[in-house]
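K.L.:
What follows is a single structure, and I will ask about it in a moment.
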Amino acid sequence: MKKDLLSIKDLSEKEIEDILSLAVRIKKNPLKFAEALKGQTLALIFEKPSNRTYVSFQVGMYQMGGNAVYLGPEHIKLGIRETIHDVAKTLSRYVNGIVLRTFGHQNAVDMARFASVPVINGLSDLSHPCQALSDIFTIREKLPNTKNITLAYVGDGNNVCNSLLYACSKTGINMHAGVPEGYDPDKDVLSGAQKLASGTGVRIRLFHNSRETVAGADVVYTDVWASMGQEAEAVERKKIFRDFQVNGNLMALASPKALVMHCLPAHRGEEITDEVIDSGNSVVFDQAENRLHVEKAILVKFLGGKK
Ligand code: CP
Ligand code: NVA
């Protein structure tokens, strides 16, 4: 296994399965892991806001006997107060691992290169690997037979979409990404995921029509239309993404039992309506909870400790 978790691309199928099966054990019996990271400290460098990622990593460390230090934008000022190199070198003398939430993905790559401790990507503009791993965990929990199922992602071809493309292709789930023209997922990620899937029978497809994207889907997933850092485009994007709203009419085209997923935070009334996110098919808060269990497994795997 690589030292760092920057992208799902970096994990082999077996490593993904190992993380997910450890997460099952941790969720079932958290007390067994109460000392798994005893005495270890995690630095949480967050250049953007967070609820789930920040709290789940912090609580996860605490529940496993470790400790976490939050370093928000006002503390570190990556690349402004100090270079990424110097931050990475210094923190490596204090802590056992670093979670970084940042803008440019290159910041995460650089942090990983210069740090001697594991660096976990807690979201960059390109990817959100912890989210996607946890989403696969949730899908498997809800749909015990995931053979030949299709996840329809509707909305912006963003970090979450990119990580789901790799995660689906590596765990045997078909994925439709339905995005407006000009808002495609990263082209290297899309072709990489399609390449991985080719020959395995898994289909990874891009659509520019929301109705075709969700037709018959087993999971309908969406995320905000303007990600953190894109706030200035929010008004324009609302118009462009109008036909990509996950509402009752769109859900009527998916399988009647289709799971509704959203990484959260949600902009209710924009990418998803209240009627859908609060429906019986919605698993968004199970998804949020599972971030904790899966992140604990990620920490045990990458920081070491009792497996
Ligand atoms: N889904 C997710 O990463 O949520 P936060 O931005 O609140 O961490
Ligand atoms: N795409 C969103 C995900 C938030 C968890 C963002 O980057 O803001």
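The values are calculated or read from the model by the stated rules, or taken from the named source; none is laboratory data. Just so we're clear, the structure is a prediction, and the values are computed from it rather than from any experiment. Reconstructed Cβ throughout: ideal geometry from the backbone, glycine too, with neighbour counts over all protein chains shown. Heads up: the accessible areas ignore ligands, DNA and RNA and are worked out on the full protein's heavy atoms, side chains in. Shrake-Rupley method; radii C 1.70, N 1.55, O 1.52, S 1.80 Å.
K.L.:
Identify the residue in segment 127-166 that is of a type in the set (D, E, K, R) and closer than 17 Å to residue 13 by Cα and, among all such residues, is farthest from ligand 1 (Cβ to nearest atom).
P.N.:
Among those that are of a type in the set (D, E, K, R) and closer than 17 Å to residue 13 by Cα, it is 147.
K.L.:
Another one. Among what's in segment 168-190 and is within 15 Å of ligand 2 (Cβ to nearest atom) and either farther than 17 Å from residue 244 by Cβ or aliphatic (A, V, I, L, M) (or both), pick the residue that is surrounded by the fewest Cβ atoms within 10 Å (Cβ to Cβ).
P.N.:
So, considering only residues that are within 15 Å of ligand 2 (Cβ to nearest atom) and either farther than 17 Å from residue 244 by Cβ or aliphatic (A, V, I, L, M) (or both), the one surrounded by the fewest Cβ atoms within 10 Å (Cβ to Cβ) is 186.
K.L.:
Report yes if residue 9 is open to solvent by 60 Å² or more (accessible area, probe 1.4 Å), assigned to a helix (DSSP H, G or I) and in contact (Cβ under 8 Å) with a residue 40 or more places away in the chain, otherwise no.
P.N.:
Working: open to solvent by 60 Å² or more (accessible area, probe 1.4 Å): yes; assigned to a helix (DSSP H, G or I): yes; in contact (Cβ under 8 Å) with a residue 40 or more places away in the chain: yes.
Taking the combined requirement at face value, the residue satisfies it.
A quick yes/no check of all residues on (1) away from ligand 1 (no atom under 16 Å from the Cβ); (2) among the small types (Gly, Ala, Ser); (3) open to solvent by 30 Å² or more (accessible area, probe 1.4 Å):
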position	(1), (2), (3)
199	yes, yes, yes
222	no, no, no
230	no, no, yes
235	yes, no, yes
271	no, no, no
274	yes, no, yes
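K.L.:
Looking only at segment 36-63, count how many residues are in a loop (DSSP other than H, G, I, E, B) and within 18 Å of residue 118 (Cα to Cα).
P.N.:
5
K.L.:
Here's a follow-up. With the structure loaded, tell me whether residue 16 is surrounded by 14 or more Cβ atoms within 10 Å (Cβ to Cβ) and either modelled with pLDDT under 95 or more than 21 Å from the chain's Cα centre (by Cα) (or both) or whether it fails that test.
P.N.:
no
K.L.:
Please go through segment 35-64 and give me each residue that is away from ligand 2 (no atom under 14 Å from the Cβ) and open to solvent by less than 40 Å² (accessible area, probe 1.4 Å), ordered by number. Outline the logic, then answer.
P.N.:
Initially, segment 35-64 is screened for residues away from ligand 2 (no atom under 14 Å from the Cβ), giving 35-45, 58-64.
36, 37, 40, 41, 42, 43, 44, 45, 60, 61, 64, listed by residue number.
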